[in-house]
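Q: Can you keep this structure in mind? I'll have questions shortly.
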Amino acid sequence: MIDPKINRRSLLARGALIGGFALTPQLALAAAGTDQRLVFIILRGAMDGLAAIPPIGDARLSQLRGGLAQPPEQFGAMLKLTSDFAAHPALKGFASLFAAGEAGVVHAIASPYRERSHFDAQNILETGGNAAYALKDGWLNRLLPLLPAAPPPVAIAATLPALLRGAAPTTSFAPSRLPDASASLKARVAALYENDALLHRLWNEAMATEVMAGSSDGGAGNPQGLAASAARLLADPAGPRIAVLDLGGWDTHAGQALRLANQLRQLDGVITALKTGLGSAWANTLVIAATEFGRTVAANGTGGTDHGTASAALLAGGRLMGGPAAGRVLGDWPGLSRLFDDRDLMPTTSLNSLFVGAAAGLFGLDPDLVTRRVFAAAPAPPLALIRA
Amino acid sequence: MSLAAIALNRFGLGARPGDAAPADPRGWLLGQLGRFDPRPAVITALPNAAAMTLQYRQNLAQLRRQGVIGARRPGDPEAPRGPEAEAMANQAQRERRKAFAQAYGGQVGARLTLSLTSATPFAERLMHFWANHFAISTDKLATATMGGPLEFEAIRPNIGGRFSDMLLAVTRHPGMQFYLDQAQSIGPNSLLGEAARRRNAPRQPGLNENLAREILELHTLGAGNYTQADVAGLARALTGWSIGGFVRRPLGVAAPDGQFVFQPAWHEPGGVTVAGRPYRQNGEAQALAILNDLANHPHTARCLAEKLARHFVADAPPSALVERMADAYLASGGQLLALYRALVEAPEAWATPLAKFKTPWDWLVSSLRALGRENMPPLQAIGALRELGQPVWRPGSPAGWEDDAARWAAPDALLRRVEIASRIAAPLAASIDARSLASRILPGTLSAATASAIARAESPAEGLALLLVAPEFLRR
């Protein structure tokens, strides 16, 4: 009588809203008061900035990392960005945007958080606070009252990330079937069951069957598809002006080389899909991809890296052209001879500097106002990114 | 592990974030029978068995008019034909399905809400246990909307009384009567049977042994403890036990839709023997006496004790415990509270933690409770439970759902739990810290490995999902 597959899947396929707001109709109601677009990509799990944007001019990297300093052979050679930095070969699209002045990097960047819990760090990244769970709303939500009226920002996810939570209205939108359980969750479940004979056996059988049936989507769903949906919404002249994407799977404790290469290829696909989908609106767009913390400089014993401190943030979008971040790697490079806690890339730029600079530059706001109203708990000097 | 944790998780429906550890766990459990609300508002707000019987009867009439079922009776108009009639029939079918879905959804929603908000979770568990003991399956037209009413009306008010009262209430309920074809079981030598023979009616009325057999095998004595002669005897005694609204035959007593009615003219006269005892009563009193004796039979005591111990303690419960429970039940004259007390007071019931693998229902309920959820949209719950392999009130057989790990711990089922955990955890991940929740939900059972896996999860949502599928959360 009631087919659960139809209930669940087709609702999602039809564009069900999960955040409590009616979706497309409402998004199209009001004309937006600005034509600037912001896309925020949360890289959950701690992206290794040293592998994404390796400091090729720093000989310490190979010394500390060994073989892991080189990308897997099949991906090709590093893509040189500047004399000191390259992009991982999986970031082809990003590297060509960088060359065209439509992308940039801020390196050795971190939130105010100096410990190593994903939860706490993501909470600080998203709330803009200086302690985990100290703030109840996301910094992007606190920014909204300062912006010209526009349809509510949209999270391209089944649920609203903390970044968007708060008093100002927001929506979330799941345009297609979202992955049921990510590859990352499945890997952790496998580890959790390792010492439980029954569950270990059952889980292995389930995974083997899934592989045979070809039903596994690799767990990451289709991030490019999600990015295309975000672009479609943002490209609409009367659509929302801010979108948030969630990309998990960066916690590469083991077998990092291949896993990270695939992750970066996905991120690259997301950025490319945004540019394609936004069309002429790309000229007015800024994309920020940031993660909660970086990873250890040295490789661990399982071909991976552990939780670290500073990482890199990637910027893209036509709005960068002609500005201080266009085709540049920003941030004070601390080098790898002096490490934070003797293990991590030393943070030299606050993520909040990036956020204040991006928000103020993109929307033409006074950076002091943004700092006072949005980042009062953890103020940081604004980073100039965008030409006035 | 503390006794309080066992009380909350093994005997209850799983801890909620705000639940205080009971100071006297055994007293807390047994005291719930007195505090249990048999008729909460979420239930009384729903259409009852009478309304569902009326709906069923109207559906049958509609189907008969459309020529979909049954033979035409003299005087019935010709069933309509042609594309227009077909379209109307299809439309009617869609409406029937919608009405079924709505009623079923409301009932599942009420059951879930009660489970998520209950302050008497042990009593609620017992209610689920007995509903499964007296299982019907709603995949039959006649019982499509009877799962809720049977549970709410026949089981729920009787979980703390005498087992014989529950047995009687269930046997008389339209849900069970329709499911096991009792409502039109008629004695061949009853007044009605004789009249039919005299008239040489094309279809002679007869008795149906279905309910009698399942009462003996599933509800009371248990498999191997009865004979075919016992089935025949009980079936004869039950003739005439019927439901109002379905009396189309002559010589029937009119009764409101859905209400139990005894039809003297359908009852097979004469004495019967069941389980070695003769019953010479006339009429309704005959089956009443049999049911009462069956309820207090040592075989029944043993069956109930073993099943209840299997449900709460272990797939193969210690036989000494089962014996003690059965003895306590018999000594009390068939009081369920005595059975529960023997269970709760037994050291064995508290000895080996995490011996039971949760059923899908118990896992979903405990997951939602752990997250502090007080409800879930019925369609979502129905979908999740179907994916997990345990659609509510649809075990497909009167034996109900199996109650051991062999049935529920399977590869695909485990993967579904992980997927559903991921889905229900995600919306709450920003407001719940899985690390602190874990020790509150699993006091004393949370392993270091699970705590560390949760703490090291890639995102809050992942941490919360890991808690819900941790080995110690899948079991109780």
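Q: Per residue of chain B, what 222 nm ellipticity follows from adding -39500 (n - 2.57) for every DSSP H run with n ≥ 4, rounded to the nearest 500?
A: Computed ellipticity for chain B at 222 nm equals -15500 deg cm²/dmol.
Q: Using θ = phi - 60° and the Karplus curve 6.51 cos²θ - 1.76 cosθ + 1.60, what whole-Hz ³J(HN,Hα) does each residue of region A:238-244 get, with Gly and Pro shown as x?
A: 9, x, x, 10, 10, 9, 10
Q: Might you report the magnitude of the Cβ-based charge dipole of chain A about its Cα centre, with Lys and Arg at +1 and Asp and Glu at -1, to the nearest 20 debye?
A: About 640 debye.
Q: Right, here's the next one. Could you tell me which of A:Trp250, A:Ala150, A:Leu192 has its Cα farthest along the dipole of chain A towards the positive end, charges placed at Cβ (Lys, Arg +1; Asp, Glu -1), taken about the Cα centre?
A: A:Ala150
Q: Turning to a different aspect of this structure: May I ask you to list the GluC sites (Glu not before Pro) in region B:57-162 that are in a DSSP loop and have at most 13 other Cβ atoms within 10 Å of their Cβ?
A: B:Glu78
Q: What are the ³J(HN,Hα) values, in whole Hz, obtained from phi via the Karplus relation 6.51 cos²θ - 1.76 cosθ + 1.60 with θ = phi - 60°, for each residue of region A:43-54 in sequence order, with x given for Gly and Pro?
A: Couplings: 8, 7, x, 6, 6, 7, x, 6, 8, 6, 10, x Hz.
Q: A further question follows. To the nearest 20 Debye, how big is the dipole of the protein assembly as shown about its Cα centre, given +1 on the beta carbon of each Lys and Arg and -1 on that of each Asp and Glu?
A: Rounded to the nearest 20 debye, it is 1700 debye.
Q: I would also like to ask the following. When the expected Rg is taken as 2.2 N^0.38 Å, what fraction or multiple of it is the alpha-carbon Rg of chain B?
A: Computed over Cα atoms of chain B, the ratio equals 1.07.
Q: While we're on this one: To the nearest whole number, what is the average tally of beta carbon atoms from other chains within 10 Å of the beta carbons of peptide A:188-199?
A: 6
Q: I've got another one for you. For region B:320-326, just list the computed ³J(HN,Hα) in residue order, Karplus coefficients 6.51, -1.76 and 1.60, θ = phi - 60°, integers in Hz, with x standing in for Gly and Pro.
A: Whole-Hz 3J(HN,Hα) from phi for region B:320-326: 4, 5, 4, 4, 4, 5, 4.
Q: Averaged across the residues of B:422-434, what count of C-beta atoms belonging to other chains lies within 10 Å of each residue's C-beta?
A: 5
Q: Magnitude of the Cβ-charge dipole of chain B, K/R +1 and D/E -1, about the Cα centre, nearest 20 debye?
A: Dipole of chain B, to the nearest 20 debye: 860 debye.
Q: Dipole of the protein assembly as shown (Lys/Arg Cβ +1, Asp/Glu Cβ -1, origin at the Cα centre): which of B:Leu336, A:Gly317, B:Trp350 lies farthest to the positive side?
A: B:Leu336
Q: Further question: Output the DSSP H helices from chain A with an along-axis C-alpha extent of no less than 20 Å and a mean Kyte-Doolittle hydropathy no less than 0.0.
A: Helix filter hits for chain A: A:197-213, A:256-278.
Q: Projecting each Cα onto the charge dipole of the protein assembly as shown (Lys/Arg +1, Asp/Glu -1 at the beta carbon, about the Cα centre), which of B:Ala212, B:Phe178, A:Thr127 comes out farthest on the positive side?
A: Result: B:Phe178.
Q: Given A:Lys186/A:Lys275; A:Lys80/A:Lys275; B:Lys98/B:Lys307, which pairs have Cα atoms separated by over 28 Å?
A: A:Lys186/A:Lys275; B:Lys98/B:Lys307
Q: May I pose another question? For region A:284-359, what are the per-bin percents of Cα-Cα distances with bins 10 Å wide, up to the bin holding the maximum?
A: Calculated over all Cα pairs of region A:284-359, the distribution is 17, 44, 27, 11, 1 percent.
Q: Per the Kirkwood definition applied to all pairs of different Cα atoms, how many angstroms is the hydrodynamic radius of the protein assembly as shown?
A: About 30.7 Å, per the Kirkwood formula over Cα pairs.
Q: Okay, moving on. Non-local amide H neighbours of B:Arg475 (under 5 Å, H modeled in plane, Pro and chain starts lacking H): which ones?
A: B:Lys358
Q: Let me ask something else. Taking N as the number of residues in region B:369-451, what value does Rg over Cα atoms divided by 2.2 N^0.38 Å take?
A: Against the compact-globule rule of thumb, the ratio is 1.29.
Q: Additional query: Bin width 10 Å, alpha-carbon pairs only: give the P(r) of chain A as whole percents, running from 0 to the bin holding the largest distance.
A: Cα pair-distance distribution for chain A, in percent: 5, 23, 34, 25, 10, 2, 0.
Read-outs: derived from the displayed coordinates by stated rules, not from any lab. Small disclaimer: the values here were computed from a predicted structure and weren't measured. In this analysis, Cβ positions are derived from the backbone assuming ideal geometry, glycine residues included, and neighbour counts consider all displayed protein chains.
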